[in-house]
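**Q** If you scroll down you'll find the structure; I have some questions about it.
The values are calculated or read from the model by the stated rules, or taken from the named source; none is laboratory data. Since the model is a prediction, treat every value here as computed from it, not as a measurement. Cβ placement follows ideal geometry from the backbone for every residue including glycine, while neighbour counts extend to all protein chains displayed.
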Amino acid sequence: MTEPDEPRALFDRVPCLAGTPRAITPLPGGLTNRNYQVITPDGRFVARVWQPGDLLAINRDHEHHNSVAAAAAGVGAPVLAYQPADCVLVLGYLDGRTLRNEDVADPAMLPRIARACRMLHAGPRFAGDFDMFAVQRRYLAVASGHGFKIPDGYAALAPQVEAARRALAVRHAGTVPCNNDLLAANFIDDGQQIWLIDYEYSGNNDPCFELGNIAAECQLPPDGLTELVRHYYGRALRNKIARARILGLVGKYGWTLWGAIQQASSPIQFDFWAWAMARFESAAAGLTSPEFARLLDDVVRDD
């Protein structure tokens, strides 16, 4: 198999990838990295290669630390090499099926996903915190400071987002290690367990952000989120369902700016604007719906 020219010299500098004969195959997906499967006589690996200096301010040291912690928790791939000077992180290859949205929505899958989340959340603390309210403000400063295009009507939703922040603070119960980016493609099913991959945005966070973000990114129907909360907590707690739904909306509001920044600055060929608008339109619909007031009421109440 012919190796791509670009990564060959890089992988020669990584001891666990330097064996020959060697096969290198680009992996699909990855909107901030180039990912490769690398097979050598020593095994099969995934190499994550990034470009330095992105405007998203991803902390690669935190990604490495948290990937190690996720492996220790039993839900992340083993970490085999980290060479920040070369912009590469190497993981063991997880042999399994990458999930799709319809897989995540399968009622038989939700308890398995909830179990994987509980394992991660009970594991070693992560380096760094992830608070979408703070992340959204940072992304807004970047987008505004560079004159990047932002969806019309974005600023008009700020009062609802601030109302959400205040309501969520009433019953805040602390943070746990969270992946914070569990779209369907970041779940791997090996037939025995669900593995969680990609820790670029990982940090200690409200566990309900994890659940709400899964529901938002995987397009779970409302009863799907209710079941995910039930399997995670043992029962369908009304205030936790409301918490997860609100944080899912806040996540979409923040990720909208991620897409806007990527649209203006990323060399990757992808329609980031359409990606951003899909999240913005969904966030706007939820934050302006009559149901939003009920969610704000539910989230501050005892179940």
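**Q** Scan the stretch 259-275 for residues that are among the hydrophobic types (A, V, I, L, M, F, W, C) and crowded, with 24+ Cβ neighbours inside 10 Å and jot them down.
**A** Correct list: 260 only.
**Q** Do we have residue 115 as modelled with pLDDT of 95 or more and farther than 24 Å from residue 262 by Cβ here?
**A** Judged against the criteria, residue 115 is a match.
**Q** Quick one: is residue 103 surrounded by fewer than 14 Cβ atoms within 10 Å (Cβ to Cβ), touching a residue at least 40 places away in the same chain (Cβ under 8 Å) and either in contact with a strand residue (DSSP E or B) (Cβ under 8 Å, 6 or more places away or on another chain) or in a helix (DSSP H, G or I) (or both)?
**A** Criteria not met by residue 103.
**Q** Is the stretch 19-41 home to any residue that is in a helix (DSSP H, G or I), modelled with pLDDT of 95 or more and surrounded by 14 or more Cβ atoms within 10 Å (Cβ to Cβ)?
**A** No, the conditions are met nowhere in the stretch 19-41.
**Q** Might you check whether a residue that is in contact with a helix residue (DSSP H, G or I) (Cβ under 9 Å, 6 or more places away or on another chain), surrounded by fewer than 19 Cβ atoms within 10 Å (Cβ to Cβ) and assigned to a loop (DSSP other than H, G, I, E, B) occurs anywhere in the stretch 276-284?
**A** Scanning the stretch 276-284 turns up no residue that is in contact with a helix residue (DSSP H, G or I) (Cβ under 9 Å, 6 or more places away or on another chain), surrounded by fewer than 19 Cβ atoms within 10 Å (Cβ to Cβ) and assigned to a loop (DSSP other than H, G, I, E, B).
**Q** Please determine, by comparing only the residues of the stretch 207-226 that are part of a helix (DSSP H, G or I) and under 11 Å from residue 105 (Cβ atoms), which one is nearest to the chain's Cα centre (by Cα).
**A** For the stretch 207-226, the residue satisfying everything is 214.
**Q** While we're here: I need the full set of residues from the stretch 234-266 which are among the polar types (S, T, N, Q) and assigned to a helix (DSSP H, G or I), in order please.
**A** Within the stretch 234-266, 239, 256, 262, 263, 265 meet the criteria.
**Q** What residue, among those in the stretch 203-248 that are of a type in the set (Ser, Thr, Tyr) and touching a residue at least 12 places away in the same chain (Cβ under 8 Å), is surrounded by the fewest Cβ atoms within 10 Å (Cβ to Cβ)?
**A** 226
**Q** Something else: Inspect all residues belonging to the stretch 179-195 and state whether any of them is over 10 Å from the mean Cα position of the chain (by Cα), within 24 Å of residue 108 (Cβ to Cβ), among the charged types (D, E, K, R) and modelled with pLDDT of 95 or more.
**A** Yes; the residues of the stretch 179-195 include at least one that is over 10 Å from the mean Cα position of the chain (by Cα), within 24 Å of residue 108 (Cβ to Cβ), among the charged types (D, E, K, R) and modelled with pLDDT of 95 or more.
**Q** Among 300, 250, 229, which is among the aliphatic types (A, V, I, L, M) and under 19 Å from residue 107 (Cβ atoms)?
**A** 229
**Q** I'd like to know if the stretch 138-158 contains one or more residues that are in contact (Cβ under 8 Å) with a residue 12 or more places away in the chain and touching a strand residue (DSSP E or B) at 6+ places or on another chain (Cβ under 8 Å).
**A** No, the stretch 138-158 contains no residue that is in contact (Cβ under 8 Å) with a residue 12 or more places away in the chain and touching a strand residue (DSSP E or B) at 6+ places or on another chain (Cβ under 8 Å).
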